[in-house]
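This report refers to the structure that appears directly beneath it.
The values are calculated or read from the model by the stated rules, or taken from the named source; none is laboratory data. No experiment lies behind these values; they were computed from the predicted model shown. For neighbour counting, all protein chains shown are included, and Cβ atoms are generated from backbone atoms with ideal geometry for every residue, glycine included.
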Amino acid sequence: MNLVIDIGNTFAKTAVMDGSEIVFKNVEQELSCPAIRDLLHEYPAIDRAILSTTRNPNERTEEYIRRHVSHFLRFVPGTPVPLANLYATPETLGADRLAAAVGAWDVAPGRELLIIDLGSAITIDRVSAAGEYLGGNISPGMAMRFEALHRLTDRLPLCSTPERYDLTGTSTRNAIESGVVLGIIHEIEGYIDRIGEKNGALTVFFAGRDANFFADKVKKPIFVIYDLVIKGLNRILEYNAQPNTQDIEP
């Protein structure tokens, strides 16, 4: 079994993988040593672990994990992955973006892929049919758009994920909610159409917090894999794990 840890700017996600299946998942604000200790006790078959983080993890917790698994991998720029990384500045590439691309490639190898992660930011990344990570674009996520409209103006209210939206808003709140939702829908559909026109048929993946919200609103064939980053990190761990090798350090 594998232990997969993805520490983002806001939350720490922990998953236990049995092959390609998630058998346990937890989301909390901080990664704690007691929680990891309990997890390793509950799943004694865990023998490998991968840690991806955008912030400094608790060193004591990381050291505890290192001592209790046979193979530990910190996912950093330069870590080998089963894709050719053509990004011009790989040292600045978000680990979650590359991990999601690896996860999508593991599901649909040999196809032109478009990976759309709908979280705090919206990332739209491409993988070629030859297995090349080509890069992508970043724009504000839904919550960030609502927050920006509220904070950067004097009188617009703070809105959140709406139950309904309209082509023409009939109140200020409805106009904000509809404008943000429809803006994201048109943005996504525009990328799918324009990239598809140049590169042929695309296999499109949705991931991230707002994936399910937009899945039935974007009128394109898509695959929704909420935990695509977790699955990609697990694939990267498997790719790097070799019998009797030393831990891979940053």
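Please go through (1) closer than 29 Å to Thr89 by Cα; (2) assigned to a helix (DSSP H, G or I); (3) without any contact (Cβ under 8 Å) to a residue 60 or more places away in the chain; (4) of a type outside the set (D, E, K, R) for His150 and return the number of the only condition it doesn't satisfy.
With respect to (1) closer than 29 Å to Thr89 by Cα; (2) assigned to a helix (DSSP H, G or I); (3) without any contact (Cβ under 8 Å) to a residue 60 or more places away in the chain; (4) of a type outside the set (D, E, K, R), His150 is out only on (1).
Restricting region 63-94 to residues that are without any contact (Cβ under 8 Å) to a residue 60 or more places away in the chain and aliphatic (A, V, I, L, M), which is nearest to Pro109 (Cα to Cα)? Step through it out loud before you land on a result.
To start, the set of residues in region 63-94 that are without any contact (Cβ under 8 Å) to a residue 60 or more places away in the chain comprises 63-64, 67-68, 70, 77-78, 83-94.
The next check asks that each one be aliphatic (A, V, I, L, M); those that pass are 83-84, 86, 88, 93.
On the way: Leu83: 10, Ala84: 13, Leu86: 17, Ala88: 23, Leu93: 22 Å.
By that ranking, first place goes to Leu83.
Output the residue which, of all residues in region 127-144 that are among the polar types (S, T, N, Q) and in a strand (DSSP E or B), is surrounded by the most Cβ atoms within 10 Å (Cβ to Cβ). Spell out how you get there, then give the answer.
Going through region 127-144, the residues among the polar types (S, T, N, Q) turn out to be 128, 137, 139.
Then drop every residue that is not in a strand (DSSP E or B), which leaves 137, 139.
Details: Asn137: 11, Ser139: 13.
The extreme case among them is Ser139.
Going by the conditions given, is Asn58 on the phi < 0 side of the Ramachandran plot, among the polar types (S, T, N, Q), surrounded by 15 or more Cβ atoms within 10 Å (Cβ to Cβ) and touching a residue at least 12 places away in the same chain (Cβ under 8 Å)? Walk me through how you get there before you give the answer.
Numbers: on the phi < 0 side of the Ramachandran plot: yes; among the polar types (S, T, N, Q): yes; surrounded by 15 or more Cβ atoms within 10 Å (Cβ to Cβ): yes; touching a residue at least 12 places away in the same chain (Cβ under 8 Å): yes.
Judged against the criteria, Asn58 is a match.
With respect to Gly141, determine if the residue is modelled with pLDDT of 95 or more, assigned by TED's automatic domain parsing to the domain that holds Gly103, under 19 Å from Val218 (Cα atoms) and in contact with a Ser or Thr (Cβ under 6 Å, 6 or more places away or on another chain). Let's see the steps before the verdict.
Working: modelled with pLDDT of 95 or more: yes; assigned by TED's automatic domain parsing to the domain that holds Gly103: yes; under 19 Å from Val218 (Cα atoms): yes; in contact with a Ser or Thr (Cβ under 6 Å, 6 or more places away or on another chain): yes.
Yes.
List the pairs whose first member sits in region 38-53 and is more than 18 Å from Asn240 (Cα to Cα), whose second member is surrounded by fewer than 19 Cβ atoms within 10 Å (Cβ to Cβ), and whose Cβ atoms are under 6 Å apart, counting only residues at least 6 apart or on separate chains?
Correct list of pairs: Leu40/His68; Tyr43/Met1; Ala45/Met1.
With (1) of a type in the set (Asp, Glu); (2) in the same structural domain as Thr14 (by TED's automatic domain parsing); (3) surrounded by 15 or more Cβ atoms within 10 Å (Cβ to Cβ) as the list, and Asp38 as the residue in question, which single condition is left unmet?
Condition not satisfied by Asp38: (3).
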